[in-house]
Structures are given as C-alpha cells and as structure tokens.
Amino acid sequence: YVDYIVVVDDKSKDRTAAVVNELAEKNKRLVCISHEENKGVGGAIATGYKWARDNEVDVTAVMAADFQMDPEDLPRILEPVCQDECDYTKGNRLFRGESWGMIPRYRYIGNSFLSLFTKIASGYWHVADSQSGYTAISLQALKAIDLDSIYPRYGMPNDLLIRLNIASFRVRDISIRPVYNVGEVSGIKVKKVIFTIPLILLKGFARRMVEKYIIRDFHPLIFFYFLG
C-alpha cells in the first residue's frame, strides 16, 4: 500500500545516499533526495513534504531512520487520513501503560511538559506527545501550509501543529508502541531545546491568536486571555 519511499539524506557522513541509490535501481518506489548542507530534522521532513506535495501524493507519512517507529503501527496512522476522518495523525507514545518503564525518565517528563505547553499554544487540547514525529498528513494540508517557513530543527512538530490549527485542520492522536534501546542516538541537546522550543510555542501562540481570532474571525477569546 506504499507507493513511494522517499529517503532524505540530510548531509549524512555515512553511505546512506549511495546505498539508497543502489537499491533504487531495483526498486522504482525508492527516491533519494540529498541535501548539500545539513538542515536539521525539520528541514529534512519539509524537503520530503515538498516532494510529496509536488508529486500529488494523497497521504504522506513520516518514519524516522533510527528504528524507533514500528512499521506495524503505520496502517493505523494512515487509515484516519485515508478515510478523510482527519487531516493529520500523530503517534502518541504516552497512551501505553508500559511507556513509563520504557521511555527514559527525563525524556518522559520533559515530553509531558512540552506537550502541555503545546496544547496551549496550538489549541489542540486533545493532542499529547507533541514531540512524536511518527505522523501522516493529507495532500490538502500540505498544500495549505507554508513549508519554507516551518522551524527546521527539533521544534518542527510543535510549529506544525500551530500552523495546522490556524488553518483549521483536523488532528488526531494514534496510540503507538514506544521503541527504545535499539541503538538509537539522540541528537537533542537539552540545554538548547529548553529555550528554543518554548520560544517557538510563545511566538506560535501569539500568531494563532492574531491570525485566527482577530484577522479571520474576531472572537471574545482574545479578551479572556488579555484579562487573564
């Protein structure tokens, strides 16, 4: 059921691009896009999104290359978008009871706090695990979002959620299996994201208030926030 497999090589230092191009000679579904400079995880996803948008792909899923996204969960992530029940699905690792024992404590707690602040900034109060990158998005949503202006690093999922809400797209959480200790190496620098992501959320919240509740349709919610 997968028509294309687009591999974005974000200026890697190994033979990723060479290996993928070799495989692409036998598997026509494979497409390799190589960055001339490292753009970060958000920039790599945006590149894949642009390719999917330009090639009129109905539903585009994101799966990281560090083995932390179980392919068995992919059909459930795709189905609601394919059935037009929502425009964007996002994996949620915090639904599962075993998550507390599997996810490193500092990441679980940090993710929970970021998810809370992302709820406030994005307006999607039913969405949690904001940092999960296992997602699927509709072609309509891809065409509506300015992919060139999305934050290119680790705050990309948070920024995207805010933009989706401004455009009034439907978002749904999908329970997925948390996968850890499979050899993955985290590139997140806690001292850096602890300042950058809250700033993204603050700016995004202000942008959502102005664009959605003042410019598009004036709403008394603005008064409530101001008085609060």
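Long hydrophobic helices in the chain, taken as whole DSSP H segments with a C-alpha length of 18 Å or more on their own axis and mean Kyte-Doolittle hydropathy at least -0.5: 40-54, 105-122, 190-210. Rolling a 1.4 Å probe over the protein heavy atoms leaves residue 151 with an accessible area of roughly 70 Å².
Largest first, the residues 129, 10 sort by 1.4 Å accessible area into 10, 129. Helix-only arithmetic for the chain: the sum of -39500 (n - 2.57) across DSSP H runs with n ≥ 4, divided by the residue total, places the mean residue ellipticity at 222 nm at -13500 deg cm²/dmol. Take every DSSP beta bridge whose two residues both sit in the chain; close to 40 percent of them are antiparallel.
Ignoring ligands, DNA and RNA, what percent of the 1.4 Å accessible area of the chain is carbon and sulfur?
Values: 7600 of 13010 Å².
Carbon-and-sulfur percentage of accessible area, whole number: 58.
Going by accessible surface with a 1.4 Å probe and the largest first, 89, 47 read 47, 89.
Charge tally around residue 79: other residues with Cβ under 15 Å, Lys/Arg +1 each, Asp/Glu -1 each, net -3. D by Stokes-Einstein for the range 14-55, Kirkwood Rh over Cα pairs, 4 °C, 1.567 mPa s: 114 µm²/s.
As an exercise, take the mean of 1/r over every pair of distinct alpha carbons in the chain, invert it, and state the Kirkwood radius in angstroms.
Details: mean 1/r = 0.0538 Å⁻¹.
So the Kirkwood estimate lands at 18.6 Å.
The values are calculated or read from the model by the stated rules, or taken from the named source; none is laboratory data. Since we're looking at a predicted model, the values are computed, not measured. Quick reminder, even Gly has a Cβ in these numbers, built from the backbone with ideal geometry, and neighbours come from all protein chains shown. Quick note on the areas: whole protein, heavy atoms, side chains included, nothing else; ligands and nucleic acids left out. Shrake-Rupley method; radii C 1.70, N 1.55, O 1.52, S 1.80 Å.
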